[in-house]
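Only one structure is covered here, and it is reproduced in the block below.
The values are calculated or read from the model by the stated rules, or taken from the named source; none is laboratory data. This structure is a prediction, so every number in the text was calculated from the model and none was measured. All Cβ positions, glycine included, derive from the backbone under ideal geometry; neighbour counts span all protein chains shown. Accessible surface areas use protein heavy atoms only, side chains included; no ligands, DNA or RNA. Shrake-Rupley method; radii C 1.70, N 1.55, O 1.52, S 1.80 Å.
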Amino acid sequence: QVTLVESGGGLVQAGGSLRLSCAASTRTFSSYAMGWFRQAPGKEREFVAAISWSGGSTLYADSVKGRFPISRDNAKNMVYLRMNSLKPEDTAAYYCAAAPNIATLTGGGVAGWGQGTQVTVSS
């Protein structure tokens with residue numbers, strides 16, 4: 001089991017940037033693929049980005065590709081989402097997730113979720 005805690009959300013103007021962080025409490029962090037999902041009010045949770053256990057593979061939703069690079073630091077048990085060129089439609093609660101691999105992460109087999117951090121982008 002893995003416990004995840006997100007931070008870094010906030011209010012930002014369109015075009016601005018934020019960096020989300022996710023701290024994982026597990027002895028086997030480097031064995032997990034990690035990802036970010038988001039959920040806007042009235043909408044279903046959607047996939048944003050994922051990174052393999054080694055950091056060698058990444059996957060992005062088309063809506064954020066080229067704007068939201070995902071990274072991880074296995075020595076610190078951390079995963080990050082750098083959010084650039086933010087748009088009002090990026091407004092959502094952002095959740096960190098862990099799974100054995102990227103395919104499982106995007107396929108609904110999440111092993112653990114964080115509590116979420118709110119990102120609000122004003123126009």
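Brief remarks follow.
- Looking only at residues in segment 90-110 that are touching a residue at least 24 places away in the same chain (Cβ under 8 Å) and more than 13 Å from the chain's Cα centre (by Cα), the one that is nearest to E6 (Cα to Cα) is T91.
- Enumeration of residues in segment 3-28 that are closer than 14 Å to Y95 by Cα and either part of a loop (DSSP other than H, G, I, E, B) or touching a helix residue (DSSP H, G or I) at 6+ places or on another chain (Cβ under 6 Å) (or both): G8, G9
- Residue that is nearest to W113 (Cα to Cα), among those in segment 1-60 that are open to solvent by 50 Å² or more (accessible area, probe 1.4 Å) and among the hydrophobic types (A, V, I, L, M, F, W, C): V5
- Taken over segment 71-89, the criterion of being open to solvent by 60 Å² or more (accessible area, probe 1.4 Å) and either within 15 Å of the chain's Cα centre (by Cα) or closer than 16 Å to L18 by Cα (or both) is satisfied by R82, S85, K87, E89.
- Among the residues of segment 104-119, the one identified as surrounded by fewer than 16 Cβ atoms within 10 Å (Cβ to Cβ) and modelled with pLDDT of 95 or more is Q118.
- Meets criteria (at pLDDT 95 or above, within 19 Å of A111 (Cα to Cα) and either aromatic (F, W, Y) or open to solvent by 40 Å² or more (accessible area, probe 1.4 Å) (or both)) for F68: no
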